[in-house]
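See structure below.
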Amino acid sequence: MVIDLHNHSYYSDGVLSPTEVVRLAKKQKCDVFALTDHDTIDGLAEASLEANKLNLQFVFGTEISAIWNNMTIHVLGLKINPNNKILQVGLKKHQQLREIRSEKIACSLGGAGIIGAMEKTKALAKTNMITCTHFAQMLIQEGICKDMKSVFRRFLVGKKPGGVGVKWAQFDEVIGWIRGAGGVAVLAHPFRYRMTHTKIKRMMNDLAINGCDGIEVVTATSSADEIILASQWANELGLLASTGSDYHGWLNQRVRMGCLQDLPNFEQAVWRNWTWQNY
Ligand SMILES: [Zn+2]
Ligand SMILES: [Zn+2]
């Protein structure tokens, strides 16, 4: 089975509409597919409709920013009930934080001589959600930077122009929103944070103690060593293993939906008890 439980649409920082993302999942021969936009569930209704038409097993998901040890991490909520009020209120709070951040970023870029950053960035976004990626795309489009790499070297991070920290909800609260909505909480891309292995493991332990169900063992960019290590850690901590490409559809992003290496141990798969016909 081809299972991809981490994908984005233009409801956050992806390029395609939910319908287009689902059609691509079908084309890529996915059997099970999740849409997991950042801090929103707004694309799920459209995606689920298209998935039903195409007989694709669709998993309702989201990817929520959270704070662990003063650092931002991403926690996936899979199989969530999108009508759950606790989750909706939590996501609303994060969307407001994102709006405030956007204004601060635009203001900071303005201070660095980039005029009209907000208007130009809004023109690039297809929904109300403005992410750092949209600002990055604007900086490239305006010819200020040549690619994403140079954007995040010169702007939008730390003390650079447009670098704005956000006080997302704490990780235990975010896990609570997900589990309160009947979902499964999964730490996304464990090796993409700037942390030593010791620290990652400490974080995973804290998450596990606070109700996190699993970690993403396989991502599109995982090395063989990372997959084995993450799978071992999951075993030790009693966590389940998930698999997802983190597809966004950006030009020159080499990630392909549904093209993922196998989990080392299928017994620990996050979907091992899921009954597909219930979707
Ligand atoms: Zn992420
Ligand atoms: Zn993601």
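Between GLU173 and GLU103, 0.36 nm times their residue separation minus their Cα-Cα distance comes to what?
Contour length minus the Cα-Cα distance gives 22.6 nm.
With +1 on each Lys and Arg Cβ and -1 on each Asp and Glu Cβ, how big is the dipole of region 96-154 about its Cα centre, in debye rounded to the nearest 20?
Around 200 debye, computed over region 96-154.
Quote the accessible area belonging to GLU103 in square angstrom, nearest 10, computed with a 1.4 Å probe and with ligands, DNA and RNA left uncounted.
110
How far is the Cα center of region 167-189 from the Cα center of region 238-256, in Å?
Between the Cα centre of region 167-189 and that of region 238-256, the gap is 19 Å.
With each label point set 7 Å from Cα along the Cα-Cβ vector, what nm distance links ALA112 and ASN265?
Distance between the two pseudo-spin positions: 4.4 nm.
May I ask which residue of LEU187, LEU35, SER9 lies farthest towards the positive end of the charge dipole of the chain, with charges of +1 (Lys, Arg) and -1 (Asp, Glu) on Cβ and the Cα centre as origin?
Most positive-ward Cα: SER9.
Among VAL22, LEU87, ALA66, whose Cα sits farthest toward the positive end of the charge dipole of region 1-90 (+1 at Cβ of Lys/Arg, -1 at Cβ of Asp/Glu, about the Cα centre)?
Positive-end residue among those listed: VAL22.
Rounded to two decimals, what is Rg over Rh for the chain when you use alpha-carbon atoms and the Kirkwood radius?
Checking Rg against Rh, the ratio lands at 0.95.
On a 0 to 90° scale, report how tilted helix 44-53 is relative to the longest principal axis of the chain, with both axes built from alpha carbons and the result rounded to the nearest 10.
50
Would you mind computing, in nm to one decimal, how far apart the modelled labels at THR275 and ARG254 are, each placed 7 Å from Cα along Cα→Cβ?
Placing both labels 7 Å beyond Cα along the Cβ direction yields 4.3 nm.
Considering every Cα-Cα pair within region 48-128, what fraction, in whole percent, is farther apart than 21 Å?
Here the tail beyond 21 Å accounts for 52 percent of pairs.
Compute the angle between helix 197-209 and the longest alpha-carbon principal axis of the chain, please, reported from 0 to 90 degrees and rounded to the nearest 10.
Compared with the principal axis, the helix lies near 70 degrees.
Full-extension gain between LYS199 and LYS126, please, as 0.36 nm times their residue separation minus the C-alpha to C-alpha distance.
Stretched out fully, the LYS199 to LYS126 stretch lengthens by 22.6 nm.
Report the charge-dipole magnitude of the chain in Debye, nearest 20, computed about the Cα centre from +1 at each Lys and Arg Cβ and -1 at each Asp and Glu Cβ.
For the chain, the charge dipole is close to 740 debye.
Not counting ligands, DNA or RNA, and with a 1.4 Å probe, what is ARG272's accessible surface area in Å² rounded to the nearest 10?
Around 120 Å² of this residue is reachable by solvent.
Please get the size of the charge dipole for region 213-273, origin at its Cα centre, with Cβ charges of +1 on Lys and Arg and -1 on Asp and Glu, quoted in debye to the nearest 20.
For this selection, approximately 260 debye.
Can you compute the modelled spin-label distance between THR221 and LYS29, with each label point 7 Å from Cα toward Cβ, in nm?
Between THR221 and LYS29, the simple spin-label model gives 2.6 nm.
Among GLN253, LEU49, MET118, whose Cα sits farthest toward the positive end of the charge dipole of the chain (+1 at Cβ of Lys/Arg, -1 at Cβ of Asp/Glu, about the Cα centre)?
Comparing the listed Cα positions along the dipole, MET118 ranks first.
Nearest 10 degrees, 0 to 90: what angle lies between the long axis of helix 224-237 and the longest principal axis of the chain (Cα atoms)?
60
Using just the helices of the chain, give the 222 nm mean residue ellipticity in deg cm²/dmol: DSSP H runs with n ≥ 4 each add -39,500 (n - 2.57), and the total is spread over all residues, rounded to 500.
Calculated from helices alone, the mean residue ellipticity at 222 nm is -12000 deg cm²/dmol.
The values are calculated or read from the model by the stated rules, or taken from the named source; none is laboratory data. Treat the numbers as computed from the prediction; the structure is a model and nothing was measured. For neighbour counting, all protein chains shown are included, and Cβ atoms are generated from backbone atoms with ideal geometry for every residue, glycine included. These accessible areas exclude ligands, DNA and RNA; they are computed on the full protein's heavy atoms, side chains included. Shrake-Rupley method; radii C 1.70, N 1.55, O 1.52, S 1.80 Å.
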